[in-house]
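The values are calculated or read from the model by the stated rules, or taken from the named source; none is laboratory data. Given the structure is predicted, the values throughout are model-derived calculations rather than measurements. FYI the Cβ positions are ideal-geometry reconstructions off the backbone, even for glycines, and counts take in every protein chain you see.
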């Protein structure tokens, strides 16, 4: 994945204990981690729809230049275009932050490898939107950080509940 956030189970009170219990009972934490990954993917995608970071702060609006280049909010409302192959391409209304073509949104995914879960985005530009920085020719364009990856208190509760649910289900 191009950008990801690492969270250790020890940092979420009770998670490590629950993971150990699942491992002892089932011998495999993979199903629990895949469930958590799906929940975190949904939470991350909801941040795109809400245009807020994991901390709850609203993302910075588009610059006037970006808004003008996209034809303003009403110029393309509800429309899409076709690419060179004739395939329909979803488009936002022009004022949706990080959702103009939905590529970054659609790239949010998770992967489990043993006892490790990764949630992230695989677009080459994912990192600059998460962290912000300079881009474009000569790095003259400043992209503000619009964090979408991360774990908030609600995500922590979802993680704990998912782990508890997996303890209740016996193989």
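Within the set 27, 56, 72, the sole residue that is out of contact with any helix residue (DSSP H, G or I) (no Cβ under 8 Å at 6 or more places or on another chain), surrounded by fewer than 13 Cβ atoms within 10 Å (Cβ to Cβ) and at pLDDT below 95 turns out to be 27.
Here's the yes/no breakdown for (1) within 30 Å of residue 117 (Cα to Cα); (2) touching a helix residue (DSSP H, G or I) at 6+ places or on another chain (Cβ under 7 Å); (3) modelled with pLDDT of 75 or more; (4) in a loop (DSSP other than H, G, I, E, B):
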| position | (1), (2), (3), (4) |
| --- | --- |
| 22 | yes, yes, yes, no |
| 37 | yes, no, yes, no |
| 43 | yes, yes, yes, no |
| 60 | yes, no, yes, yes |
| 84 | no, no, no, yes |
| 93 | no, yes, no, yes |
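The C-beta contact set for segment 42-53 (first residue in the same structural domain as residue 150 (by TED's automatic domain parsing), second residue surrounded by fewer than 16 Cβ atoms within 10 Å (Cβ to Cβ), distance under 7 angstrom, 6+ apart or interchain) comprises 51/58; 52/58. Output the residues belonging to segment 20-37 that are over 23 Å from the mean Cα position of the chain (by Cα) and touching a residue at least 60 places away in the same chain (Cβ under 8 Å). 21, 22, 23, 25, 26 - these are the residues of segment 20-37 that are over 23 Å from the mean Cα position of the chain (by Cα) and touching a residue at least 60 places away in the same chain (Cβ under 8 Å).
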